[in-house]
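Take a look at the structure set out below.
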Amino acid sequence: MPRSKRKVAAIAYGLDFRPMFSRFFKRHPRQPVIERPVWEACAAQMPFLEELDAGSLEKLFDLADRFAEQKDFTGTHGFEVTDSVRAAIALQACLPILRLGLDVYADFVEIIVYPDRFMTPRSVVDESGVVHESVEELSGETMPGGPVVLAWPDIDPAMGAPGLSVVIHEFAHKLDMLDGEADGIPPLNQAARARWIERLEAAYSQFCDMLERVESEIPIDIDPESEAADRYYARLPLDAYAATDHAEFFAVASEAFFTMPEAIRDIFPDLHEMFTEYFGWRESAATTGSGGPAY
Ligand SMILES: [Zn+2]
């Protein structure tokens, strides 16, 4: 057969069989890697998921199952990663990407889980150039292109505290670092980026002022680092750690946006509107009378 005719025959052969293959794949949908009852039991421990309507919850389950399939979960220091552990991490990690999709997490595969908080050496250079070495206790950590490290007691949904999610926090850092830098600004087009910077900075400085006020109200005989000072910090809409810098503010505010949205909606309405668009999410009709997720 002449070369040109062989080519035509090959194309015709391919076209003939393509519809058959697509029918074959349609009849065999993807099998979940974690069983349905595990997802449902895990979701039941996360009251903030009640904000999702049925269709969005299905979308989250599907996204989380694909996430669980693609990522390598490693338990360290004797911690055993079960399907329930994988589900708890995957559901919270995928909540911020319902609109963005799984591809935004393509730059890493490993998730390391410790049985308890873990110690990390820190090295800080002060203004006079002196290096201070210390060891810090952490419940989560991540870096650009690297693994996400989590401590189980702080991510166990059964122990969850309103407004806090170490998993959402660390994965918000992942979104922030998609353009390399942890600066509280994820990749956006030029106009959206300008608006983001303006609103994030305004909310950040508003929060820093609130923190300053609260700190000035702590009586002199109470150590601000002690538990006795906690009731003063409880007046803040976010964990005081949000004042560290713009990156931490974005991560802490993201935790609150999903798990205790009224704190963000009432105190930082412009930030709330921006997050709603970015994450493709708004509270359910039951909470606000305004309908389900916005995607
Ligand atoms: Zn952080």
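Pairs are defined by a Cβ separation below 6 Å, a sequence spacing of at least 6 or placement on different chains, a first member in segment 100-118 that is under 16 Å from SER139 (Cα atoms), and a second member that is of a type in the set (S, T, N, Q); the pairs so defined are ILE112/THR74; ILE112/THR76; TYR114/THR76; ARG117/SER139.
Residue by residue, here is whether (1) free of Cβ contacts under 8 Å to residues at least 40 places away in the same chain; (2) hydrophobic (A, V, I, L, M, F, W, C); (3) touching a Pro at 6+ places or on another chain (Cβ under 8 Å); (4) within 14 Å of the ligand (Cβ to nearest atom) holds:
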residue: VAL148; (1), (2), (3), (4): no, yes, no, yes
residue: ASP156; (1), (2), (3), (4): no, no, no, no
residue: LEU164; (1), (2), (3), (4): no, yes, no, yes
residue: ALA172; (1), (2), (3), (4): no, yes, yes, yes
residue: GLN190; (1), (2), (3), (4): yes, no, no, no
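The set of residues from segment 220-244 being more than 16 Å from the ligand (Cβ to nearest atom), among the hydrophobic types (A, V, I, L, M, F, W, C) and assigned to a loop (DSSP other than H, G, I, E, B) comprises ILE220, ILE222, ALA234, LEU236.
If the condition is being assigned to a strand (DSSP E or B) and under 22 Å from GLU181 (Cα atoms), then segment 115-135 contributes THR120, PRO121, ARG122, SER123, VAL124, VAL125. Of everything listed in (1) over 21 Å from ALA203 (Cβ atoms); (2) of a type in the set (Lys, Arg); (3) within 23 Å of the chain's Cα centre (by Cα), the single unmet condition for ARG265 is (1). When ARG235 is tested against (1) touching a residue at least 60 places away in the same chain (Cβ under 8 Å); (2) surrounded by fewer than 18 Cβ atoms within 10 Å (Cβ to Cβ), exactly one condition is not met: (1).
The numbered conditions (1) within 15 Å of HIS173 (Cβ to Cβ); (2) surrounded by fewer than 16 Cβ atoms within 10 Å (Cβ to Cβ) are all true for LEU150 except (2).
For segment 205-219, taking the residues that are farther than 24 Å from MET274 by Cβ and among the hydrophobic types (A, V, I, L, M, F, W, C), the one that is farthest from the ligand (Cβ to nearest atom) is identified as ILE218. Checked against (1) under 21 Å from TYR278 (Cα atoms); (2) within 17 Å of the chain's Cα centre (by Cα), ALA202 passes all but a single condition, namely (2). For residues that are under 17 Å from the mean Cα position of the chain (by Cα) and among the basic types (Lys, Arg), scanning just segment 34-66, find the one that is farthest from ALA87 (Cα to Cα). Per the criteria, the residue is LYS59. Filtered by the rule that a residue be under 16 Å from the mean Cα position of the chain (by Cα) and either free of Cβ contacts under 8 Å to residues at least 24 places away in the same chain or assigned to a helix (DSSP H, G or I) (or both), segment 67-84 gives PHE67, ALA68.
Scanning segment 136-163 for residues that are assigned to a loop (DSSP other than H, G, I, E, B) and farther than 23 Å from GLU40 by Cβ yields a total of 7.
Regarding ALA182, is this residue among the aliphatic types (A, V, I, L, M), within 16 Å of the ligand (Cβ to nearest atom) and in contact (Cβ under 8 Å) with a residue 12 or more places away in the chain? So that I can check it myself, show each step before the final result.
On the way: among the aliphatic types (A, V, I, L, M): yes; within 16 Å of the ligand (Cβ to nearest atom): yes; in contact (Cβ under 8 Å) with a residue 12 or more places away in the chain: yes.
Yes, satisfied.
Sub-7 Å Cβ pairs linking a first residue in segment 242-254 that is β-branched (Val, Ile, Thr) to a second residue that is within 9 Å of the ligand (Cβ to nearest atom) and part of a helix (DSSP H, G or I), at least 6 apart or interchain, are VAL252/HIS169; VAL252/TYR241, ordered by first then second residue. For segment 245-279, residues that are part of a loop (DSSP other than H, G, I, E, B), away from the ligand (no atom under 16 Å from the Cβ) and farther than 12 Å from GLY163 by Cβ total 1. Taken over segment 107-138, the criterion of being at pLDDT 95 or above, of a type outside the set (D, E, K, R) and exposed (fewer than 13 other Cβ atoms within 10 Å of the Cβ) is satisfied by VAL109 alone.
The values are calculated or read from the model by the stated rules, or taken from the named source; none is laboratory data. The structure displayed is predicted, hence computed values, not measured ones. Note that each Cβ is placed from the backbone with ideal geometry, even for glycine, and that neighbours are counted across all protein chains shown.
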